[in-house]
Amino acid sequence: MILLRAPKPDDIGPLTDAVNMPGVRRGTLRLPYTTEDLIQTRLTAPSPDTHHVVAAWDNRAVGLGTLRLGQGRRRHVGVLFLFIHDEHWGRGIGRALLEGLIDLADNWYGLIRLELDVAPSNTRAVKLYESAGFKREGIKRADTICDGLLEDSLVMGRLHPFPKPAKKGQKG
C-alpha cells in the first residue's frame, strides 16, 4: 500500500539506496555514489520554497517527490522532481507522488505552471507526465551526460487556471 507523507529521519537510508539504483540514476540527473549526508541535508534542511513528499510502501520510503517554488516573477511556477526505487516501479507509486505534488501546487499554492525535465528515453515517465496534463514544450539538445554519452532532455509543462472560489456556504 502506498502512503504519501512528510520525510522522517528514518527515510534517509532507504532514499539514499533508491537514488543509487541504476534505473533512478539513468532516469534522473543523479550522479553515482550519492551519500547519506547529501540526502540528509536535502531532507532535513530544505529551503523554505522546497517541499518534499515521501512515498512509503509497507512503511518503508521507496520514492521522493519534490516541488520547488519559483521566485520573483516566476513565483507562479513550480518545478517538479521525483524518483522511485527501481524495485518498486510499476506499482502506481510514481502516479501517487505526481498527484500529491500536483495537489500541493494547485490546491495549496495556487500555482499556474508546473514544469519538469525528463530524458526522452524514459518513456514510462513521459507517459505518466502526459497522462497528468503535461505537454512536450521543447528539447534541450545534448543537455546531460550519462554513461559517457550525451543525451537530450525533454522539457514538459502543465498550465492550470487560478483556483476556483469556494461555493456559497462552503468554508474556504
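Worth a mention:
- Residue match in segment 107-115 (condition: touching a residue at least 24 places away in the same chain (Cβ under 8 Å), in a helix (DSSP H, G or I) and over 30 Å from Ala166 (Cβ atoms)): no
- Selection status of Leu38, out of contact with any Pro (no Cβ under 9 Å at 6 or more places or on another chain) and closer than 25 Å to Asp152 by Cβ: no
- Only one of the numbered conditions (1) among the polar types (S, T, N, Q); (2) surrounded by 13 or more Cβ atoms within 10 Å (Cβ to Cβ); (3) touching a strand residue (DSSP E or B) at 6+ places or on another chain (Cβ under 9 Å); (4) within 24 Å of Asp11 (Cα to Cα) is not met by Asn122, and that is (4).
- Listed by position, the strands (runs of 3 or more DSSP E) enclosed by segment 1-92 that each have at least 2 residues that are at pLDDT 95 or above and closer than 22 Å to Cys146 by Cα are 60-69, 77-84.
- If you go through segment 130-148 and pick out every residue that is among the hydroxyl-bearing types (Ser, Thr, Tyr) and out of contact with any strand residue (DSSP E or B) (no Cβ under 8 Å at 6 or more places or on another chain), you end up with 1.
- Residue within segment 154-169 that is within 17 Å of His51 (Cβ to Cβ), touching a Pro at 6+ places or on another chain (Cβ under 7 Å) and either of a type in the set (Gly, Ala, Ser) or at pLDDT 95 or above (or both) present: no
- Applying the criterion of being without any contact (Cβ under 8 Å) to a residue 40 or more places away in the chain and touching a His at 6+ places or on another chain (Cβ under 7 Å) to the residues of segment 22-64, the residue that is surrounded by the fewest Cβ atoms within 10 Å (Cβ to Cβ) is Pro46.
- Some residue of segment 43-51 being of a type in the set (A, V, I, L, M, F, W, C) and closer than 23 Å to Tyr129 by Cα: no
- Check on Thr123, closer than 25 Å to Tyr33 by Cβ and hydroxyl-bearing (Ser, Thr, Tyr): no
- Residue in segment 137-160 that is nearest to the chain's Cα centre (by Cα), counting only those that are surrounded by 12 or more Cβ atoms within 10 Å (Cβ to Cβ) and under 22 Å from Trp89 (Cβ atoms): Met156
- Test result for Ile84, crowded, with 19+ Cβ neighbours inside 10 Å and under 10 Å from the mean Cα position of the chain (by Cα): yes
- Enumeration of residues in segment 26-68 that are touching a Gly at 6+ places or on another chain (Cβ under 8 Å) and basic (Lys, Arg): Arg68
The values are calculated or read from the model by the stated rules, or taken from the named source; none is laboratory data. Please read these numbers as outputs of a predicted model, since none were measured by experiment. So basically every Cβ, Gly included, is an ideal-geometry build from the backbone, and we count neighbours across all protein chains shown.
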